[in-house]
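Just so it is clear, none of the values below were taken in a lab; they were calculated from the coordinates. Keep in mind that what you see is a predicted model, and the values were worked out from it rather than measured. Neighbour counts run over all protein chains shown; Cβ positions are idealised from the backbone, glycine included.
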Ligand code: NI
């Protein structure tokens, strides 16, 4: 298990446009494992390689990280409606279809403690490669469609705060600066 550090917005690494993975190798699989490990550790439902300052087109999603669907039939039904069948890694995702509209309150591990409503497509069909390099398709609705668009945005150097007003973004920027100062303060204390 390897945890990696998640870049906090507005880290310039988050603006980088990720490059396609030319060949899925053991290194790619290690990156996928680290993405899952880091995402679960930080209690997120999605993570893109860009957020680890690795500019490669790789993302992971798990809409049921605590396994609630096994105890909660309503949530299991909802996941099924969204087309979500379990933890998934997408390498070189490509959107084949996108339609409908959905408003969803989003958060991001790169913008901790902030949630804002963003409008996305309500249905997407995405083709990607799996950890073996094989092509597969996902047909996603609801939160699954939102997560795919949110994470794919990261691969294009975009963060959900880019959709907000400048005023909101400035408030969030200050919040992140304070958070960074607190974290840097803690780090220097632990050194001393
Ligand atoms: Ni994010």
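In plain terms, if you count all Cα to Cα distances in the chain and split them into 10 Å steps from zero, the share in each step is 9, 34, 37, 16, 3, 0 percent. Each residue, residue 137 and residue 177, gets one label point 7 Å from its Cα in the Cβ direction; the gap between the two is 4.8 nm. Measuring r between the beta carbons of residue 81 and residue 105 and using R0 = 22 Å, the FRET efficiency lands at 0.75. Cβ-to-Cβ counts within 10 Å put 154, 174, 123 in ascending order as 174, 123, 154, the fewest first. Each part gets one Cα centre, and for region 1-58 versus region 134-192 those centres are 12 Å apart. Relative to the longest principal axis of the Cα atoms of the chain, the long axis of helix 142-155 makes an angle of roughly 50 degrees.
Using Cβ contacts closer than 10 Å as the measure, can you line up 81, 11 from fewest to most? Don't skip to the answer; put the middle values down first.
Details: 81 12, 11 17.
The order, fewest Cβ neighbours first, is 81, 11.
Taking only Cα atoms, what is the 0 to 90° angle, nearest 10, from helix 166-191's long axis to the longest principal axis of the chain? Long axis of 166-191 versus the principal axis of the chain: about 70 degrees. Among 60, 45, the order by Cβ neighbours within 10 angstrom, fewest to most, reads 45, 60.
For the chain, find the longest principal axis of its Cα atoms and tell me its angle to the long axis of helix 73-82, 0 to 90°, nearest 10. In the chain, helix 73-82 runs at an angle near 80 degrees to the longest axis.
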